[in-house]
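The values are calculated or read from the model by the stated rules, or taken from the named source; none is laboratory data. Everything numeric in this text was worked out from a predicted model, so none of it was measured. Neighbour counts are summed over all protein chains in view; Cβ atoms, including those assigned to glycine, are modelled from backbone coordinates with ideal geometry. Quick note on the areas: whole protein, heavy atoms, side chains included, nothing else; ligands and nucleic acids left out. Shrake-Rupley method; radii C 1.70, N 1.55, O 1.52, S 1.80 Å.
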Amino acid sequence: MRVFTPLPMRHWREAGPFAAAAEAAGFDAVMAVELGHDPFAPLGFAALATRRVELTTSVAVAFPRSPAILASQAWDLHANSNGRFVLGLGSQVKGHNERRFGIAWSAPAPRLCDYIGALRAVWRCWETGERLDYRGAHYQLTLMTPDFSPEPTGLPPVPVAIAAVGEAMLRVAGEVCDGVRLHPLCSRRYLQEVCLPQLREGMRRGGRSRANFDVHGGGFVTTGADEPAMAAAVEAVRRRVALYGSTRTYLPILSLHGLDDLGLELHRLSVEGRWGEMPARVSDDVVRLFAACGTYREIAGAIEARFGGLADAIDLSFPADAPAGLQRELLTDIRRIPHLFEGFATN
């Protein structure tokens, strides 16, 4: 099992030392989450401080950014990390696109598919010198002059992974991407019965191999040194389950487990602004549907039971005072869990 950990995002000076420590501990990847801060700049500092660890956005919001602008950011991170960058993209929901970013909304799955085609057309132009002539339903890119073209890198293409929850986006991930970033509000059953069949159908359409496709996540990992630390971690996940469960986009996940009433109640409370009351509506049993839970001694077994045989990678964070030796020991145990991903395709 591959293990990712989030970079500190607020202060750029922290990104390099954190990434170097994560690499030394045995993490497979460091990721930048686009919430309150730009996800690309910290990865640049992480790239310069490391040699092995994968660097990824998880995820950057696609549609507010021009494909050509994003192609340039990804290209430079890939080149300056010697091919270790993976571009994680997401569509975000309609409300954020329209009311936070001020852009028009359209069906996200076909639009993101077109967006990825545009990115790859730009990258091929820069690497091979072929003429840029991309004409999609949403994006048309036909001009690239030498002054605006970076030097070829000689590296394999930038892998692209997308966030996916619904069936259409899952099929897009399988068909045109190198990986998928599954939502934390995802049970083992939803992963097995909904996500993987749709991903496999997409791979069949795109002629892609499961061995070169990274299935990341599909749930939370909740751990701590002892029972009080575990209890605090469970409460943090309970709050996130309540937040995500209040969003109607994720209702099908709750519906699979007969939790429609919970989803509707959480949505009602959110509309009424009663955010503080929402976590109490989420029972321990519901938390454990969406999380691998265990103390440090138990967590490797809990991760294998929750994700084993289905996912290739999970997210894990340690508190700042966790000893480096303990981190290495736990990561060694988790990384022994078998997975199907063998590496990204190189052409």
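Tabulated data for the structure shown
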| read-out | value |
| --- | --- |
| Top-ranked residue of the stretch 233-242 - restricted to ones that are in contact with a Phe, Trp or Tyr (Cβ under 8 Å, 6 or more places away or on another chain) and either of a type in the set (Lys, Arg) or under 20 Å from Asp260 (Cβ atoms) (or both), ranked as least open to solvent (accessible area, probe 1.4 Å) | Val241 |
| Among the residues listed as Tyr115, Tyr190, Tyr139, the single one being closer than 30 Å to Leu262 by Cα, modelled with pLDDT of 95 or more and aromatic (Phe, Trp, Tyr) | Tyr190 |
| Subset tally (residues that are part of a loop (DSSP other than H, G, I, E, B), open to solvent by less than 70 Å² (accessible area, probe 1.4 Å) and at pLDDT 95 or above) for the stretch 318-338 | 1 |
| Test set (1) open to solvent by less than 60 Å² (accessible area, probe 1.4 Å); (2) assigned to a loop (DSSP other than H, G, I, E, B) - Leu269 fails condition number | (2) |
| Matching option when the condition is surrounded by 20 or more Cβ atoms within 10 Å (Cβ to Cβ) and of a type in the set (A, V, I, L, M), among Ala168, Ala164 | Ala164 |
| Check on Asp321, within 29 Å of Ala21 (Cβ to Cβ), touching a residue at least 12 places away in the same chain (Cβ under 8 Å) and more than 22 Å from the chain's Cα centre (by Cα) | no |
| For Ser66: the one exception among (1) of a type in the set (Ser, Thr, Tyr); (2) within 29 Å of Val3 (Cα to Cα); (3) within 22 Å of the chain's Cα centre (by Cα); (4) modelled with pLDDT of 95 or more | (2) |
| Among residues of the stretch 272-310, those that are open to solvent by 10 Å² or more (accessible area, probe 1.4 Å), more than 17 Å from Ala233 (Cβ to Cβ) and of a type outside the set (Gly, Ala, Ser), counted | 7 |
| Which listed residue, of Asp261, Asp315, is in contact (Cβ under 8 Å) with a residue 60 or more places away in the chain, under 22 Å from Leu191 (Cα atoms) and among the acidic types (Asp, Glu) | Asp315 |
